[in-house]
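The values are calculated or read from the model by the stated rules, or taken from the named source; none is laboratory data. Model, not experiment: these values are computed from the prediction. Counting neighbours? That spans all protein chains shown, and the Cβs are built from the backbone with ideal geometry, glycine included. Note: accessible area is taken over every heavy atom of the protein model, side chains too, but ligands, DNA and RNA are not part of it. Shrake-Rupley method; radii C 1.70, N 1.55, O 1.52, S 1.80 Å.
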Amino acid sequence: MKHPNIAAHSLLLLATLLPATHDAQRTRARNAVPAVAPLRVDSLLFNGMRYRMVGPFRGGRATAVTGIARQPHVFYMGTTGGGVWKTDDAGMHWTPLTDAFLDNGNIGAIDVADSDPNVIYVGTGSASIR
C-alpha cells in the first residue's frame with residue numbers, strides 16, 4: 001500500500017529545492033562575463049599601408065636585444081648568424097657592427113654598460129638548439 005503523504009512530501013521537497021536552484025542560476029547569470037562583440041574596422045584605414053623590410057636581410061634570427069634608456073631610438077640586436085647590428089632610428093635602418101671584428105656571427109647575449117653607452121658587452125653562442 002502506498003503511503004498517502006508521499007505526494008505531499010515530494011511536493012514539499014521540490015518546493016524547498018527550487019528556490020535554491022533558482023538563486024544559484026541567478027548568481028551564475030549575474031557573474032557571467034558578457035559576450036564581446038567583434039571589433040569592426042573600416043578597411044579604408046589600411047589603404048595607405050605598404051609592406052616594408054624592418055630588419056637586416058642577413059641578420060638571421062634575433063637572439064639578443066638591448067637599448068639605451070636615454071636614447072629611445074637606439075637599439076642593438078644580436079643574431080644567430082649575422083653578428084651584432086645597431087639602429088639609431090628605431091629600426092628603420094640597421095648597421096652591422098661586428099663583421100670586421102668577430103669570426104663567430106652567432107650572438108647569444110648583448111648589453112650596454114649603464115655607466116657608458118659606448119661600451120657594449122657581447123656574448124657569443126646561442127641557447128637555441130637547431
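A compact table of results
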| item | result |
| --- | --- |
| Some residue of segment 52-70 being assigned to a strand (DSSP E or B), modelled with pLDDT of 80 or more, open to solvent by 100 Å² or more (accessible area, probe 1.4 Å) and closer than 24 Å to VAL119 by Cα | yes |
| Qualifying positions in segment 71-91 - within 23 Å of the chain's Cα centre (by Cα) and either acidic (Asp, Glu) or at pLDDT below 85 (or both) | THR80 |
| Subset tally (residues that are open to solvent by less than 90 Å² (accessible area, probe 1.4 Å) and modelled with pLDDT of 80 or more) for segment 27-51 | 4 |
| Flag if MET77 is under 17 Å from TYR121 (Cβ atoms) and either assigned to a loop (DSSP other than H, G, I, E, B) or open to solvent by less than 30 Å² (accessible area, probe 1.4 Å) (or both) | yes |
